[in-house]
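The values are calculated or read from the model by the stated rules, or taken from the named source; none is laboratory data. This is a predicted model, so every value here is computed, not measured. Cβ coordinates were reconstructed from backbone atoms using ideal geometry, including for glycine residues, and neighbour counts include every protein chain displayed. Accessible surface is based on the protein model in full, side chains and every heavy atom, while ligands, DNA and RNA are left aside. Shrake-Rupley method; radii C 1.70, N 1.55, O 1.52, S 1.80 Å.
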Amino acid sequence: MGNLISTYAPRPLDYAPAWIRVPARRHLRLTQGIIVGLFISLTSTSLALWLQQRRRLKAVARVPPRPVELRSDEVVKGVTGLIGNTPLVRINSLSNALGVEILGKAEFLNPGGSVKDRVALKIIEDAEEQGLLHPNTGSCIFEGTVGSTGISIATIAASRGYKAHIIMPDDVATEKSELLEKLGATVEKVRPASIVDKKQFVNLAKQRALEFGRSFLPVGQDDLAVSSRATQAQVSHVQGASAADDEAVEQEPRGFFANQFEIDSNWRAHYEGTAPEIWRQSNGNVDVFISGAGTGGTLSGCATYLRQVSPGTEIVLADPEGSGLFNKVKYGVMFAPQEAEGRKRRHQVDTVVEGIGINRITRNFEQGEHLIDDAIKVTDEEAVSMSRHLVLHDGLFLGSSSACNLVAAVRIAKRLGKNSGKTIVTILCDSGARHLSKFWSDDYLQKAGIRIDPSIQHILDE
């Protein structure tokens, strides 16, 4: 027999290493499945990210243009034109240390020096729109406050021809009452008392507003109280009277109780102004919003708006010592340990922090209470340490409530995880300039037994 000659021609891959040979049919199908699965997974992730970014851009686009955009070639009309549109500032030392973006709304740059400028302006504008106040008529605005709202009311009142009568506890920082007097306000100091006491500063403000006039105006709202120097007979006959009689009653001076704790104008000032500005300035990127609560207007107004445009935004309350709001949010019980018998040092909220913290539920707080996801309790020592750290490392000279908010921001950032890249926004309510005699006074703090430590390492290490 002749030699058998093979007709098989070897293929190049026959000599290739095993790891690049074409797999058997079953292995080929498995490989194809893995590749298809990876492709679908990557495509789905990209699509989800694209849709998320698209929703965010749509939400940002829905925000109306800012009412006033200050530029070097613009002139605003009076002091009220300077209110709002405050910058959103990155707190570099905290952001860099924690790997997150911690941003503060610089409300201390308002002309009256605090976030309360927005509230005071909204209350007065709403009252004018409802015909309860008329500029340049000698009317007087009455308010009970620990300082900042009174300063804002006095600032705006002077620009619109109103007088201001401010009633405040006699244990707040003295520079607040001094500034009020320089702004032309009448300042009445009273002993701190419970809200159930008729002599409590808020209750007295309402009483003084009603005592101002000879008659009471029917306003139809429980949270308002307005009196007039017109007689009750004049007021009663305004409806259906001639235009001249109506104007005569309008020109009579009125006493108006601002009632920042209960009036809806408070939270709406932040719903319509502060929160949309934050959303726009952050390009629709707010993972967590943090605020303290005194009246509750800032927290509720911002929370209501942010949840509408970003349902995933977390809302956190920052609460100082002596306030019952922390326990109310966490456990449903309004109680602070400092309220226990024999432990209370001050009749008001027992803390060196002024402007936030309270032991009752206000109408403004109720507006956003259901939106609060978490609460952080901040001690006086932690707030003091944060304020000293910020002035040394960021050049920011801030008040006590701002420091309290930023302690809470650090705690939340640590919970989110270092280098999470999340964005936390809070409110820088006022500067340290109106806290010199207490929160920024080493002598006062030492006498109160509050340790002064410029380092926040103990907060970072918790």
*Count of residues meeting criterion [at pLDDT 95 or above and out of contact with any helix residue (DSSP H, G or I) (no Cβ under 8 Å at 6 or more places or on another chain)] in segment 417-443*: 4
*Report yes if some residue within segment 73-93 is surrounded by 17 or more Cβ atoms within 10 Å (Cβ to Cβ) and closer than 28 Å to I195 by Cβ; otherwise report no.*
no
*Among (1) more than 19 Å from the chain's Cα centre (by Cα); (2) surrounded by fewer than 22 Cβ atoms within 10 Å (Cβ to Cβ); (3) among the charged types (D, E, K, R) - the single one E382 does not satisfy*: (2)
*Among the residues of segment 176-188, write down those that are basic (K, R) and surrounded by 15 or more Cβ atoms within 10 Å (Cβ to Cβ).*
K176
_Count of segment 199-248 residues which are under 28 Å from the mean Cα position of the chain (by Cα) and at pLDDT below 80_ = 3
*What about L390, is it of a type outside the set (D, E, K, R), buried (at least 23 other Cβ atoms within 10 Å of the Cβ) and under 22 Å from E101 (Cβ atoms)?*
yes
*In this structure, does A127 turn out to be more than 26 Å from I290 (Cβ to Cβ), in contact with a Leu (Cβ under 9 Å, 6 or more places away or on another chain) and surrounded by 21 or more Cβ atoms within 10 Å (Cβ to Cβ)?*
yes
*Mind counting the residues in segment 149-172 that are in a helix (DSSP H, G or I) and open to solvent by less than 20 Å² (accessible area, probe 1.4 Å)?*
8
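Among the residues in segment 186-198, are any under 23 Å from the mean Cα position of the chain (by Cα) and over 14 Å from G112 (Cα atoms)?
Looking for residues that are under 23 Å from the mean Cα position of the chain (by Cα) and over 14 Å from G112 (Cα atoms), one finds none in segment 186-198, hence no.
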*Kindly provide the set of residues from segment 338-354 that are modelled with pLDDT under 90 and crowded, with 23+ Cβ neighbours inside 10 Å, ordered by number.*
V349, T351
*Does segment 435-445 contain at least one residue that is open to solvent by 20 Å² or more (accessible area, probe 1.4 Å), within 15 Å of T379 (Cα to Cα) and under 21 Å from the mean Cα position of the chain (by Cα)?*
no
*Determine which single condition P454 fails, assuming it passes every other condition in (1) surrounded by fewer than 18 Cβ atoms within 10 Å (Cβ to Cβ); (2) under 27 Å from S152 (Cα atoms); (3) modelled with pLDDT under 95; (4) not aliphatic (A, V, I, L, M).*
(2)
*Keeping to segment 414-428, report how many residues are touching a strand residue (DSSP E or B) at 6+ places or on another chain (Cβ under 6 Å) and either part of a loop (DSSP other than H, G, I, E, B) or surrounded by fewer than 24 Cβ atoms within 10 Å (Cβ to Cβ) (or both).*
1
_All but one of (1) β-branched (V, I, T); (2) part of a helix (DSSP H, G or I); (3) without any contact (Cβ under 8 Å) to a residue 40 or more places away in the chain hold for V196; state the number of the condition that does not hold._
(2)
*Taking the stated definitions as given, is I376 open to solvent by less than 50 Å² (accessible area, probe 1.4 Å), closer than 19 Å to N327 by Cα, modelled with pLDDT of 95 or more and assigned to a strand (DSSP E or B)?*
yes
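So that you can scan it fast, the table gives a plain yes or no per residue for (1) among the aromatic types (F, W, Y); (2) touching a Gly at 6+ places or on another chain (Cβ under 7 Å):
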position	(1), (2)
V286	no, no
L299	no, yes
R307	no, no
F326	yes, no
